[in-house]
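Notes to accompany the following structure.
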Amino acid sequence: MNEEKQNLAQRRITATQNAIERLTQVKTRLEQHFRLLLEKRVQEIFLKFHSLLIYLS
């Protein structure tokens, strides 16, 4: 009985560790995606601003 409880506890620990690892990977991918989108948007804004400055010159 005690061994069954220990096995169950170990399986739950392993499942929890695996879930944490997957969530960490998802978080990392989302951060990278957000960073790329932000960089692209900043470049677009800068190019529009630069074009406006040239137009006004």
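What follows is calculated from the coordinates using simple rules that are stated; it is not laboratory data. Keep in mind it's a predicted model, so treat the numbers as computed, not measured. Positions of Cβ are generated from backbone atoms using ideal geometry, with glycine treated the same way; all protein chains shown enter the neighbour counts.
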Exercise. Tabulate in residue order the Karplus-calculated ³J(HN,Hα) for segment 29-38, using 6.51 cos²θ - 1.76 cosθ + 1.60 with θ = phi - 60°, rounded to whole Hz; enter x for Gly and Pro.
Key: 5, 5, 5, 5, 4, 4, 4, 5, 5, 5
Quiz item: Across bins of 10 angstrom width beginning at 0, how are the C-alpha pair distances of the chain distributed, in whole percent?
Solution: 20, 20, 16, 15, 12, 9, 6, 3, 0
Quiz item: What are the ³J(HN,Hα) values, in whole Hz, obtained from phi via the Karplus relation 6.51 cos²θ - 1.76 cosθ + 1.60 with θ = phi - 60°, for each residue of segment 9-17 in sequence order, with x given for Gly and Pro?
Solution: 4, 5, 5, 5, 4, 4, 4, 5, 4
Quiz item: Want the number for Leu56 to Ile13: 0.36 nm per residue separation, take away the alpha-carbon distance, what's left?
Solution: 9.1 nm
Quiz item: Which of Leu52, Ala19, Gln6 sits closest to the plus end of the dipole of the chain, meaning its Cα is farthest towards the positive end, when Lys and Arg get +1 and Asp and Glu get -1 on the C-beta?
Solution: Leu52
Quiz item: On full extension of the chain, what length is gained from Leu37 through Gln25, given 0.36 nm per residue of separation minus the C-alpha to C-alpha distance?
Solution: 2.5 nm
